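Every number in this text was worked out from the coordinates using simple rules, so none of it is lab data. Since the model is a prediction, treat every value here as computed from it, not as a measurement. Cβ placement follows ideal geometry from the backbone for every residue including glycine, while neighbour counts extend to all protein chains displayed.
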Amino acid sequence: MKTKPSRWITIFCGSAPGKSPEYANQAFLIGKWCAEHQFGLVYGGASIGVMGAVAEGFLQNGAPVSGVIPTVLKKREVAHFHLTELIETETMHERKALMMQRADAFLALPGGFGTLEELFEVITWYQLGIHSKPIFIFNQNGCYDALLKLIDDMILNGFVREENTSIYEVFTDLSDLLARLDSIKPSSHASVEL
């Protein structure tokens with residue numbers, strides 16, 4: 001490890017690679033940049049897809065990576081066995097709680113149902129006052145356009161308060177996202193034992 005990280009980021013993203021190689025390429029670059037800017041990674045523990053690419057971006061650039069994976073998914077998601085730390089949990093709930101506890105910030109990259117579940121859980125927890133950590137969405141190639149439109153419709157129909165969209169920040173430009181990540185301060189609640 002080149003330097004001990006001062007900040008930890010939890011990244012939610014797909015265990016599938018997506019149809020374009022750009023999803024994995026951008027994930028790797030984000031991991032590389034984070035490693036070079038004193039971040040460690042806490043993520044879902046897979047070696048494949050966008051998840052594997054982001055982990056490799058950290059690992060190949062000297063940053064520690066903690067993977068958190070439920071036993072039931074360890075084989076299905078092809079766990080990454082070359083991490084700094086691989087934590088097995090009994091349930092998905094334990095997995096998400098541990099990732100939330102250890103993070104200074106959350107970032108959603110392109111992904112599927114699991115990514116959305118994790119993203120909406122940390123948004124909901126923020127709304128309920130369970131945490132106050134920043135949440136970012138990288139809307140790469142418009143992959144979250146339909147989701148953001150759905151949220152607008154939920155606001156129009158009175159199910160989401162418009163002010164609650166300030167809980168998260170959406171980025172379409174990678175350089176803007178990285179500049180915002182660089183402003184993240186370590187949380188007094190985030191800790192990782194390595």
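For the reader, a short list of remarks on this structure follows.
- Nearest-ten-degree value, helix 92-102 long axis tilted from longest Cα axis of the chain: 80
- Mean Cβ neighbour count within 10 Å, used as a protection proxy, ranking 151-159, 131-139, 178-186, 113-121 highest first: 131-139, 113-121, 178-186, 151-159
- Stretched out straight at 0.36 nm per residue, the stretch from LEU98 to LYS185 would grow longer than its current Cα-Cα span by 29.4 nm.
- Inter-label distance, nm, simple model (7 Å from Cα along the C-beta direction), ILE167/GLN127: 0.5
- Across segment 120-126, computed HN-Hα scalar couplings (Karplus, 6.51 cos²θ - 1.76 cosθ + 1.60, θ = phi - 60°) run 5, 5, 5, 5, 5, 4, 4 Hz from first to last residue, x flagging Gly and Pro.
- The chain, helix-only ellipticity at 222 nm - DSSP H runs n ≥ 4, -39,500 (n - 2.57), divided by all residues, nearest 500: -12000 deg cm²/dmol
- All Cα-Cα distances of segment 67-163, cut into 5 Å bins from zero to the largest, leave 2, 11, 18, 22, 20, 14, 7, 4, 1, 0 percent in each bin in turn.
- Computed over segment 1-65, the quotient of the alpha carbon radius of gyration and 2.2 N^0.38 Å is 1.01.
- Within the straight-line cut-off of under 28 Å between alpha carbons, the lysines reachable from LYS4 are LYS32, LYS74, LYS96, LYS133, LYS185, sequence neighbours fewer than 8 places apart in one chain being disregarded.
- Taking 0.36 nm per residue of sequence separation and removing the Cα-Cα distance, the GLU36/HIS82 pair yields an extension gain of 14.6 nm.
- For segment 121-170, alpha-carbon Rg relative to the globular expectation (2.2 N^0.38 Å, N residues): 1.17
- Global geometry of segment 14-108, whether rounded, prolate or oblate, following the gyration tensor of its Cα atoms and the 1.5 cut on a/c: oblate
- Among VAL50, VAL78, VAL42, the largest mean-square fluctuation in a Gaussian network model of the chain, built with springs joining Cα atoms closer than 10 Å, belongs to VAL78.
- Least to most buried among CYS34, CYS143 (fewest other Cβ within 10 Å first): CYS143, CYS34
- Taking all Cα pairs closer than 8 Å and separated by 6 or more residues, the relative contact order of segment 7-181 comes to 22 percent.
- Per-residue ³J(HN,Hα) for segment 152-158, Karplus 6.51 cos²θ - 1.76 cosθ + 1.60, θ = phi - 60°, Hz, x for Gly and Pro: 4, 5, 5, 5, 4, 8, x
- Three principal axis lengths of the chain [C-alpha, angstrom, descending]: 48, 36, 35
- Using a Förster distance of 45 Å, the FRET efficiency for GLU90-LEU156 (Cβ separation, nearest 0.05): 0.65
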